[in-house]
There are 2 protein chains.
Amino acid sequence: MAENDCRTNLIAAAIPMFAAKGLNGVSVRDIAREAGVNLSMISYYFGGKEGLYAAVLTDQFASLLKIEDIDRMEVDTLQKFEMYVRAIVTRYREYPYLLRFYTSELTNPTPCFETIVKPAIKRVIEILITAFSKGFSHQEFRDNLHPVDSVLSLAGMINFYFLIEPVTEGLIDHSQNRDEELIRHIMDIFTRGVLKS
Amino acid sequence: MAENDCRTNLIAAAIPMFAAKGLNGVSVRDIAREAGVNLSMISYYFGGKEGLYAAVLTDQFASLLKIEDIDRMEVDTLQKFEMYVRAIVTRYREYPYLLRFYTSELTNPTPCFETIVKPAIKRVIEILITAFSKGFSHQEFRDNLHPVDSVLSLAGMINFYFLIEPVTEGLIDHSQNRDEELIRHIMDIFTRGVLKS
DNA sequence: ATAGTCCGGTCATTCGTTTGATTGATGTTG
DNA sequence: CAACATCAATCAAACGAATGACCGGACTAT
């Protein structure tokens with residue numbers, strides 16, 4: 001049997017459960033049963049329920065840092081923004097539960113917020129601000145734009161689209177088929193919104 | 001003694017507690033203690049913990065329906081969008097915990113989501129879509145825009161700004177002083193983003 | 001009096017954690 | 001080679017604490 005099987009099974013089982021109901025909405029017994037593993041393995045491998053939750057969050061948010069790559073690329077500002085939007089969409093498709101942890105921690109923060117979630121999100125926002133400021137100093141954007149507001153507008157458009165899905169599932173097709181159209185749409189509005197004339 | 005004092009105190013105490021930690025993150029004993037009220041009053045007035053939570057959500061989301069007014073006003077489409085953004089900002093200032101319930105239910109839905117939260121949010125989105133479609137048929141907006149995507153972009157910009165506050169509090173001033181600048185900024189990007197050339 | 005309101009106390013569950021025993025694989029020693 | 005020791009991994013069982021719900025009685029104002 002593969003080593004660390006218990007550990008792996010526990011994390012795999014915990015991800016969708018914590019994502020759906022939050023840290024306090026799931027019991028360790030439910031997780032252990034779902035993982036097909038003995039209850040005490042949670043304390044054994046993770047030091048307790050919160051440790052398992054922290055391991056899940058670490059796993060999920062590690063993927064977000066692929067966005068670091070954008071910071072190092074030699075492309076123009078608007079291309080960087082499109083790469084960001086594309087990266088977010090890709091992340092949420094690869095990690096269907098990431099956004100749940102993202103917003104759950106923003107709304108009902110646990111001790112993991114300060115240590116895991118906030119640094120990861122902050123890093124992404126800072127990368128966007130840096131990109132915007134560079135374009136701004138090159139006079140690409142309108143003078144009266146505020147870098148943080150502008151960047152948060154873009155981030156809001158793409159993140160909110162996924163967040164609001166439980167409400168809009170009857171109004172619009174949220175499948176992967178439409179991702180390209182969505183990206184084009186958001187970049188279209190944002191580009192015309194910030195570019196000069 | 002004021003009538004319904006217990007009931008009122010319980011709701012008032014429960015709002016910030018449920019908002020901060022979610023339905024499962026708070027115990028009825030904590031709420032009762034904070035309200036200065038006997039524990040059994042929760043069952044007496046609300047039939048249990050979930051009943052109290054439902055009462056809190058009903059109270060919070062009732063305020064959102066003031067946005068219905070926008071639907072009936074005889075102003076042009078872009079003005080309606082600005083009224084929406086203004087209404088959202090005003091709601092979040094008057095009800096500092098509304099957004100927490102909003103996103104908490106979107107992320108970790110309770111039985112209240114289908115009955116209280118989803119209908120309220122859906123109604124607001126439909127009002128925006130109606131407004132957009134009207135402007136669209138009047139050829140105000142660019143042809144290749146999708147009504148739902150466009151409307152969600154606007155809603156995303158303003159809602160995400162407040163949602164992300166715990167991360168950006170060091171980067172930008174989130175006080176009420178800057179609300180007008182924020183509204184102008186978002187409307188600026190959105191207007192240029194959707195209007196014809 | 002009596003209906004509405006409030007309270008202390010208690011119920012059965014469920015919670016997260018811990019214990020002590022057992023397993024099986026590996027290494028060590030005579 | 002055989003007997004023993006060591007170790008991490010796993011298990012069933014149990015722990016005490018906390019949970020949400022509820023009961024019967026007491027208070028209060030009409």
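Since every read-out is calculated from the coordinates, none of them should be taken as a lab result. Predicted model only: the values in this text are computed from it and were never measured. Neighbour counts are summed over all protein chains in view; Cβ atoms, including those assigned to glycine, are modelled from backbone coordinates with ideal geometry.
Remarks
- At 7 Å out from Cα toward Cβ: A:P16 inter-copy label distances (nm, ascending): 3.9
- Check: chain B dipole with +1 on Lys, Arg Cβ and -1 on Asp, Glu Cβ, in debye: 280 debye
- Comparing chain A with the 2.2 N^0.38 Å rule of thumb, its C-alpha radius of gyration ratio is 1.18 (two decimals).
- Average beta carbon contacts from partner chains per residue of B:77-87, 10 Å cutoff: 0
- Between the amide H of A:L195 and any residue lying 5 or more places away or on another chain, no distance stays under 5 Å, with hydrogens modeled in the peptide plane.
- Residue-by-residue Karplus 3J(HN,Hα) for the range A:99-105, coefficients 6.51, -1.76, 1.60, Hz, glycine and proline x: 5, 5, 5, 3, 6, 4, 6
- The angle between the Cα long axis of helix B:49-62 and the longest principal axis of the Cα atoms of chain B comes to about 30 degrees, rounded to the nearest 10.
- Inter-copy label distances for A:P111: 3.3 nm (label point placed 7 Å from Cα along Cα→Cβ; shortest first).
- Between the range A:1-64 and the range A:96-170, the alpha-carbon centres lie 27 Å apart.
- As a rough guide to protection, the peptides A:154-161, B:187-194, B:45-52 ranked by mean Cβ packing within 10 Å, highest first, stand as A:154-161, B:187-194, B:45-52.
- Charged-residue dipole, Cβ positions (Lys, Arg, Asp, Glu), the protein assembly as shown about Cα centre, Debye nearest 20: 360 debye
- A:E165 label point (Cα plus 7 Å toward Cβ) to equivalent points in the other copies: 2.7 nm, shortest first.
- Nearest 10 degrees, 0 to 90: helix B:77-94 Cα axis against chain B principal axis: 20 degrees
- With the charge dipole of the protein assembly as shown set up from +1 on Lys and Arg Cβ and -1 on Asp and Glu Cβ about the Cα centre, the Cα lying farthest toward the positive end among the listed residues B:I189, B:V151, A:V124 is that of A:V124.
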